[in-house]
Amino acid sequence: MLRFLLSRLLSTVTVVIGVVCLVFLLIHLVPGDPVDMMLGENAQMADRDALRQALGLNQPVSVQLLSYFSNLLQGDLGNSLHSRIPVSELLAQRIPATVELAVISLLLACVIAFPLGIVAALNKGKTWDRTAMGASMLGVSIPNFLLGPLLILIFSIYLGWLPVSGRDGLASIILPAITLGTALAAVLSRMIRSTLLEVLHEDYIRTARAKGDSHLQVVIHHALPNAMLPIITLLGLQLGVLLGGAVITETVFSWPGIGKLTIDSIMKRDYPVVQACVLVISLTYVVVNMLTDMVYAWIDPRIRIGGRI
Amino acid sequence: MSRYGLSVWIIIIWILGSFVSQLLPLNISQVELEAILQGPTLEHWFGNDDLGRPVFDRLLSGSYTSCIVALTVICISVITGTVIGTLSAYLGGLFDQVVVRVIDIFLAFPGILLAIALAGIMGPGIDNVVIALSVVGWVGFARLARAQTLSVKHRDHVQAALVLGSRQRKIIFVHLIPLISAPILVEATFGVASVVIAEAGLSFLGLGVQAPDASWGSMIRDGTRYMLVAPHLVLAPGVALMVVVLAVNLAGDRLRDQLDVKANIKEGET
């Protein structure tokens, strides 16, 4: 187990280093001079020099990369070009809102997906299955920047039940969470259906049925626990879709999270903040996936003995 | 007509309509002050937008944007990804290790985030959208092609070709890639749906096509401001987008069943 953990940790460290390099390089991918992009081509020479100095752009790229790494290790993500506030402070203000939205969306997706997937699997080929899978196909196909405005139109404007935007109390999170959770629920329910269908053919299910267990007992006690493993991995991977989707959902609902901060900073050309947002979101994703793998290996000994996932 | 037949027809109409629309005299930027926010009429089937421009014409023009971006991005991604993935699995060694690490690093960026950051930093515009989505898109195909090649590269006919002295290029392009094309074709179909949503998403955020050009995403964004008085501004591009994505996803499902490709764990990722 220890060997597995170490090798997984090592590969995560390599990925983290790669991610940091790529995020650092983002600003250098700008065609032309990044300072021109930030200030506009008509900026004063003195302003350009000051910005170049502030961002360290007058040094060789390798030196810049090293100092980026050493600053990161000290928790220094630089200052916002726009507000001059340290980026870490900006992030600290925004992270709770995004975590709240992501967790509630994830819970909501599970609450919708599990019954849908189970009902579909138990009624394979019947009307229930077709309806559930039709609904999930619809869920995959409706983008959050369309679902969000439609929900606002129905529940906030016509019915007046829920706030249009902002983060103020429990009611304000309902629409963003539905918007963000729908696609995840759709993918998850399809996955639950297909994994359950595979498991339901196993011998131990037949034995449980032969013992006289009820349909529901068989599913809850025998099929679901065994189908859970791939579902846990999928949840880890789908967290990425959730975090990426949060950027758009937060923009639609003016949810003051890290996704909205990313877009606002792109619009203001505040690149240090953009870099930091992308870095924090990606690193969260990497770490969560590492933890998912570790939990998976802890539950299922075949994986840690195999040594690779 | 079965729903798969219907979805194929929708895809054909989408692609044909997109290209034919380029030959039509569309008035995508003709401002008509007296027709501002007007609902559907006989003359303008889908009404007019906040500047009095005909929504139908803009919808057709937006269809071209989504179609051309989706097809270009998928072509670039499939070709780059398949060649890199197949080469990596076939050659093995250090090259393979480097490719695997690079794939891992790219996959560490969740969903559309890297594309948003790239498009945002490179500046708005359709070219940058294509670049940003291609940079993100090739990785999935490379991973799939690599995994598939690993499973077929020890087959007898590949070994036979090697023993007969075939060139590596011939082995890869004639003996390996055709064998792994079924799952890649299925993945590419789902990829089209993802790219259509991603392009509209970037345009929705203001990072895609710029006015006066139309994109379904930017039409939805502009329409949300007038949702109460003119819901057709959001509904027309929204329904068009959903119908196309749904049709492509259904076609992908059908293709997967017919070609008997096992469901990929990341299906439906957008």
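The figures follow:
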quantity	calculated
A:Ser282 vs. criteria open to solvent by less than 10 Å² (accessible area, probe 1.4 Å) and polar (S, T, N, Q)	yes
Number of positions in the range B:165-176 that are free of Cβ contacts under 8 Å to residues at least 60 places away in the same chain and open to solvent by 50 Å² or more (accessible area, probe 1.4 Å)	6
Test result for B:Phe56, in a helix (DSSP H, G or I), of a type in the set (A, V, I, L, M, F, W, C) and open to solvent by 40 Å² or more (accessible area, probe 1.4 Å)	yes
Residues of the range A:51-69 classified as under 27 Å from the mean Cα position of the chain (by Cα) and not hydrophobic (A, V, I, L, M, F, W, C), total	1
Given (1) touching a helix residue (DSSP H, G or I) at 6+ places or on another chain (Cβ under 7 Å); (2) more than 11 Å from every other protein chain (Cβ to nearest Cβ), number of the condition A:Arg206 does not satisfy	(1)
From the options B:Leu162, B:Leu179, B:Leu259, residue that is open to solvent by 30 Å² or more (accessible area, probe 1.4 Å) and in contact (Cβ under 8 Å) with a residue 40 or more places away in the chain	B:Leu259
Pick from the range A:76-86, criterion at negative phi and part of a loop (DSSP other than H, G, I, E, B), ranking: surrounded by the most Cβ atoms within 10 Å (Cβ to Cβ)	A:Leu77
Cross-chain or 6+ apart pairs with Cβ under 7 Å, the range A:43-65 first and of a type in the set (D, E, K, R), then open to solvent by less than 70 Å² (accessible area, probe 1.4 Å) and assigned to a helix (DSSP H, G or I)	A:Arg48/A:Val35; A:Arg52/A:Val35
When residues of the range B:217-234 are limited to those that are out of contact with any Phe, Trp or Tyr (no Cβ under 7 Å at 6 or more places or on another chain), more than 9 Å from chain A (Cβ to nearest Cβ) and open to solvent by 10 Å² or more (accessible area, probe 1.4 Å), the one farthest from B:Gly123 (Cα to Cα)	B:Val229
One residue from A:Leu261, A:Leu243, A:Leu291 being crowded, with 23+ Cβ neighbours inside 10 Å, more than 11 Å from chain B (Cβ to nearest Cβ) and part of a helix (DSSP H, G or I)	A:Leu261
Filter pass, A:Ala183 being more than 26 Å from A:Trp128 (Cβ to Cβ), within 11 Å of chain B (Cβ to nearest Cβ), modelled with pLDDT of 85 or more and touching a Gly at 6+ places or on another chain (Cβ under 9 Å)	no
Subset of the range A:152-204 (residues that are within 21 Å of B:Ile220 (Cβ to Cβ), small (Gly, Ala, Ser) and open to solvent by less than 10 Å² (accessible area, probe 1.4 Å))	A:Ala177, A:Gly181, A:Ala186
Any chance B:Leu51 is open to solvent by less than 20 Å² (accessible area, probe 1.4 Å) and closer than 30 Å to B:Pro237 by Cα	no
Boolean, B:Ile79 is of a type in the set (A, V, I, L, M, F, W, C), more than 24 Å from B:Val243 (Cα to Cα) and surrounded by fewer than 22 Cβ atoms within 10 Å (Cβ to Cβ)	yes
Selection from the range B:112-151 of residues that are open to solvent by 20 Å² or more (accessible area, probe 1.4 Å) and outside any helix (DSSP H, G or I)	B:Ile112, B:Pro124
Test: residue in the range B:96-118 that is more than 10 Å from chain A (Cβ to nearest Cβ), among the polar types (S, T, N, Q), out of contact with any Asp or Glu (no Cβ under 6 Å at 6 or more places or on another chain) and touching a residue at least 12 places away in the same chain (Cβ under 8 Å)	no
Output for the range B:159-210, where each listed residue is of a type in the set (Ser, Thr, Tyr) and either farther than 30 Å from B:Asp253 by Cβ or more than 12 Å from chain A (Cβ to nearest Cβ) (or both)	B:Ser166, B:Ser181, B:Thr189
The range B:11-26, residues that are at pLDDT below 85 and open to solvent by 90 Å² or more (accessible area, probe 1.4 Å)	B:Gln22, B:Leu23, B:Pro25
Test result for A:Val15, assigned to a helix (DSSP H, G or I), of a type outside the set (Phe, Trp, Tyr), under 26 Å from the mean Cα position of the chain (by Cα) and within 22 Å of B:Gly123 (Cα to Cα)	no
Options A:Asp36, A:Asp47; residue that is out of contact with any helix residue (DSSP H, G or I) (no Cβ under 7 Å at 6 or more places or on another chain) and among the acidic types (Asp, Glu)	A:Asp36
Test: residue in the range A:211-230 that is within 13 Å of chain B (Cβ to nearest Cβ) and either modelled with pLDDT under 80 or more than 14 Å from B:Leu113 (Cα to Cα) (or both)	yes
Test: residue in the range A:128-140 that is over 27 Å from B:Val234 (Cα atoms) and either out of contact with any helix residue (DSSP H, G or I) (no Cβ under 7 Å at 6 or more places or on another chain) or open to solvent by 60 Å² or more (accessible area, probe 1.4 Å) (or both)	yes
Flag for A:Leu106 being in contact (Cβ under 8 Å) with a residue 12 or more places away in the chain, under 25 Å from A:Thr233 (Cβ atoms), surrounded by 24 or more Cβ atoms within 10 Å (Cβ to Cβ) and within 14 Å of another protein chain (Cβ to nearest Cβ)	no
Conditions (1) assigned to a helix (DSSP H, G or I); (2) within 11 Å of another protein chain (Cβ to nearest Cβ); number of the one not met by A:Arg269	(1)
Test set (1) within 12 Å of another protein chain (Cβ to nearest Cβ); (2) free of Cβ contacts under 8 Å to residues at least 24 places away in the same chain; (3) open to solvent by 40 Å² or more (accessible area, probe 1.4 Å) - A:His28 fails condition number	(2)
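For every residue, the table says whether it meets (1) closer than 30 Å to A:Met38 by Cα; (2) of a type outside the set (A, V, I, L, M); (3) open to solvent by 70 Å² or more (accessible area, probe 1.4 Å).
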residue	(1), (2), (3)
A:Leu66	yes, no, yes
A:Gln74	yes, yes, yes
A:Ser88	yes, yes, no
A:Ile95	yes, no, no
A:Ile112	no, no, yes
A:Leu116	no, no, no
A:Gly125	no, yes, no
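The values are calculated or read from the model by the stated rules, or taken from the named source; none is laboratory data. These figures come from a predicted structure and were not determined experimentally. Note that each Cβ is placed from the backbone with ideal geometry, even for glycine, and that neighbours are counted across all protein chains shown. Just so you know, the surface numbers come from the protein's heavy atoms only, side chains and all, with ligands and any DNA or RNA stripped out. Shrake-Rupley method; radii C 1.70, N 1.55, O 1.52, S 1.80 Å.
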